[in-house]
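What follows is a structure written as structure tokens; I'll ask about it next.
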């Protein structure tokens, strides 16, 4: 696998995928790689709760019922934002869910709460409200959103930061990979 950063830096590594799905016709390797990527998209959802909505804060409650209440509130809020995104997809057929930004939804919702506008509406309820309009005004660009997050050494880390290996800022990158079976690797080592 080779990663090429926008600044021209290249990094190649050999990766092995271990799986019990041995039928290569039924489970092609490139599909397994794609599924692995999707798995990390689910992890990104959990990260959204922890880092985006909580913004690095910890839960405040000191009792089990209080923690349960906070977790349910976070999940309810997250689900409400996802519902707004779903309403946008319903109202705009052909719009890809990947283009709707959770950050924009979160900030627009916070603005609505702070401003307390439209709490009681005399007009018919529209499918797309202020939060949805803000999300539509700031859609993400088309295409996959491969990211390479900049690494910064934590103060308490026992590992030294090597600027040569890790960029200080996030960069766009391209990923090239070739799929080889173990038999192919063994014969390549012998050659």
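Only the coordinates and a few stated rules stand behind these numbers; no lab work does. Because the structure is a prediction, the values reported are computed rather than measured. Glycine also receives a Cβ, built like all others from the backbone with ideal geometry; neighbour counts cover every protein chain displayed.
Is the stretch 27-137 rounded, prolate or oblate when judged by the Cα gyration tensor, a ≥ b ≥ c being the square roots of its eigenvalues, rounded requiring a/c under 1.5 and prolate requiring a/b larger than b/c?
Taking the square roots of the gyration eigenvalues as a ≥ b ≥ c, the stretch 27-137 is oblate.
Per 0.36 nm of contour for each residue apart, how much would the distance between residue 103 and residue 40 grow if the chain were fully extended, relative to their Cα-Cα spacing?
Extra length available between residue 103 and residue 40 comes to 20.9 nm.
Sticking with this one: What FRET efficiency do you get for residue 89 and residue 47 if R0 is 30 Å and r is their Cβ-Cβ distance, rounded to the nearest 0.05?
It comes to 0.85.
What's the exposure ranking of 9, 19, 122, going from fewest to most Cβ atoms within 10 Å?
Lowest to highest Cβ neighbour count: 122, 19, 9.
Rounded, prolate or oblate, given the Cα gyration tensor of the stretch 1-47, with a/c below 1.5 counting as rounded?
It is oblate, given that a/c is not under 1.5 and a/b is not larger than b/c.
For residue 4 and residue 96, what is the calculated FRET efficiency with R₀ set at 25 Å and r taken between the beta-carbons, to the nearest 0.05?
After rounding, the FRET efficiency stands at 0.50.
Now, a different point. Treat each spin label as a single point 7 Å out from the Cα along the C-beta direction, and report the residue 126 to residue 20 distance in nm.
5.3 nm
For the stretch 1-82, what log10 I(q)/I(0) values come out of the Debye formula at q = 0.14, 0.19, 0.26 1/Å, with one point per alpha carbon and no solvent?
Those come out to -0.77, -0.91, -1.25, one per q.
Calculate, in nm to one decimal, what residue 171 and residue 33 gain on full extension: separation in residues at 0.36 nm each, minus their alpha carbon distance.
Full-extension gain reported as 47.5 nm.
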